[in-house]
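Report on one structure; see the data block that follows.
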Amino acid sequence: MKFSTVLSSSLMVVAALAAPTPTVQEPVNAAFEKRASVTDTPVGYASQNGGTTGGAGGTTTTVSSFAEFTAAVSSSDKKVVYVSGPITQAAKQVKVGSNTSIIGKDSSVVFTGFGLIVKGMSNVVIRNIAIAKVLAANGDAIGVQKSTNVWIDHVDVSSDRDHDKDFYDGLLDLTHAADFVTISNSFVHDHWKASLVGHSDSNGAEDKGHLRVTYANNLFENLNSRGPSFRFGTGHMFNNYYNSVSDGINTRQGAQVLVENNVFVDSKKSVYSTDGGFAVATGNDFGSGSNTAPAGTLKTVPYSYTKLDASAVKAAVVGTAGVTLKF
Ligand SMILES: *[C@@H]1O[C@H](CO)[C@@H](O)[C@H](O)[C@H]1NC(C)=O
């Protein structure tokens, strides 16, 4: 580097220090927000079947109201929809089209009172958004039905447990043969029935051979059940941290789940079966809970992934899961 370059860049630093530009108020935990990119790709089942890219490479818009948001996400044109700031609206789930990425710009993005539904679509990414207190009459916080390749990452979904268990519906419900879905780095908390994969014992004809879902690096906290409840499909759960979840992974109706290197604190039933579900469980720390499901056959999955030892999961997940990214 030439002397003149050093001199001019030093002068620029001095100038910047002397005349700071006013900054906008940052959210409280902005210091912890990690830079992320719309071209990031998922680990797990959403990486299969051609991969999940959402709207990366398409048009981009930034919205900050309910009306702008619903208008922006509905088409199947390839698009990235950034959301800026919180939106509150008591409303039915907003329909999300194919080839769409919905991206919260930072930790201030909270949807209160309404959720999202991905139905009959493919290739959808939902990242860095909190969704809170969606009344049962308005549906789940996030629902995926008859859709393939959906990546849900760094979301924060919750309600409360002050009401009856049916006051709110599910937080993350994947039904009607949803397939190639990954839920990662998310904070799922303060709710009765968290995540349902396969909604009915009598829906096997539609669901069998589908419902391939990965749950990785999520924090499940203060839940009664469904962490998740998994019927018919194929599930891979690794490096999730369960804190005070009474009934954790429920494998049902022939489902095969691979449960690796998760940690359960203050749990009653960590992994259990009803109606003939199966599990292979290795490297977990069940704490006071246990695995009582019959041994399954799912020992490998068709993608590569890096798993942490159970002893490293708390430090990696708590504080990172949820809306902690910045775009
Ligand atoms: C999504 O994008 C892909 C690739 O550009 C395209 O082939 C497909 O038709 C799109 N899906 C819909 C439902 O428009």
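None of the figures in this text is laboratory data; all of them are computed from the coordinates on show. For clarity, every value in this text was computed on a predicted model and none was experimentally measured. So basically every Cβ, Gly included, is an ideal-geometry build from the backbone, and we count neighbours across all protein chains shown.
Using a 10 angstrom cutoff on alpha carbons, build the Gaussian network for the chain and name the most mobile of Gly50, Gly139, Gly296.
In this elastic network of the chain, the residue with the biggest mean-square fluctuation among Gly50, Gly139, Gly296 is Gly50.
Short version: ³J(HN,Hα) in whole Hz for each residue of the stretch 228-235, in order, from phi by Karplus 6.51 cos²θ - 1.76 cosθ + 1.60 (θ = phi - 60°), x for Gly and Pro, what are they?
Residue by residue, the stretch 228-235 yields x, 9, 10, 9, 6, x, 10, x Hz.
Any chance you could count the Lys pairs in the stretch 85-164 whose alpha carbons are under 14 Å apart, treating pairs 8 or more apart or on different chains as valid?
The result is 5.
Which of these, Ser244, Ser288, Ser122, has the largest mean-square fluctuation under a Gaussian network model of the chain (Cα springs below 10 Å)?
Ser288
What is the local net charge at Leu171, summed over the other residues whose Cβ is closer than 9 Å to its Cβ (Lys, Arg +1; Asp, Glu -1)?
-1
What are the residues whose amide H is under 5 Å from the amide H of Ile117, where those residues sit 5 or more places off or on another chain and H is modelled from the backbone?
Long-range HN contacts for Ile117: Val94, Lys95, Val96, Gly143.
From Cα pairs below 8 angstrom and at least 6 apart in sequence, can you work out the relative contact order of the stretch 28-326, rounded to a whole percent?
Worked out over the stretch 28-326, it gives 14 percent.
Report, ordered by chain and residue number, the aspartates and glutamates lying within cross-link reach of Lys208, taken as a straight Cα distance under 18 Å and ignoring same-chain residues fewer than 8 apart.
Asp173, Asp179, Asp275
Considering the convex hull of the alpha carbon atoms of the stretch 114-175, report its projected area averaged over all viewing directions, in nm², one decimal.
For the Cα atoms of the stretch 114-175, the hull's average projected area reads 4.0 nm².
Straight-line reach only, C-alpha to C-alpha below 13 angstrom: list the aspartates and glutamates that Lys314 could link to, leaving out same-chain residues fewer than 8 apart.
Glu221, Asp285
Mean separation of Cα pairs under 8 Å and 6+ residues apart, divided by the residue count of the stretch 196-327: what relative contact order is that in percent?
21 percent
Specify the residue with the greatest mean-square fluctuation among Leu116, Leu174, Leu308, computed from a Gaussian network of the chain linking alpha-carbon atoms under 10 Å apart.
Leu308
Near Ile131, within a Cβ-to-Cβ distance under 11 Å, what is the net charge of the other residues, with Lys and Arg +1 and Asp and Glu -1?
Surrounding charge for Ile131 is -1.
What do you get for the angle between helix 3-18 and the principal long axis of the chain? Use alpha-carbon atoms, 0 to 90 degrees, nearest ten.
Orientation of helix 3-18: about 80 degrees from the principal axis.
Excluding Ser101 itself, what net charge comes from residues whose Cβ is under 14 Å from its Cβ, given Lys and Arg +1 and Asp and Glu -1?
Summing Lys and Arg as +1 and Asp and Glu as -1 gives +1.
Pop out the ³J(HN,Hα) list for the stretch 249-260 in order, Karplus 6.51 cos²θ - 1.76 cosθ + 1.60 with θ = phi - 60°, rounded to Hz; leave Gly and Pro as x.
Once rounded to whole Hz, the list reads 8, 10, 9, 9, 6, x, 4, 10, 10, 10, 10, 10.
Evaluate the chain: find the radius of gyration of its Cα atoms, find its Kirkwood radius, and give the ratio Rg to Rh.
1.03
Can you give the Kirkwood hydrodynamic radius for the stretch 77-119, in Å, rounded to one decimal and based on Cα pairs?
Result for the stretch 77-119, one decimal place: 11.2 Å.
With a bin width of 5 angstrom, please list the P(r) values of the stretch 220-327 as percents of all Cα-Cα pairs, from the 0 bin to the one holding the largest distance.
Computed distribution, short to long bins: 3, 13, 23, 25, 20, 11, 4, 1, 0.
Select from Ser84, Thr274, Ala293 the residue farthest towards the positive end of the dipole of the chain; place +1 on Cβ of Lys and Arg, -1 on Cβ of Asp and Glu, and compute about the Cα centre.
Working it through, the farthest residue towards the positive pole turns out to be Ser84.
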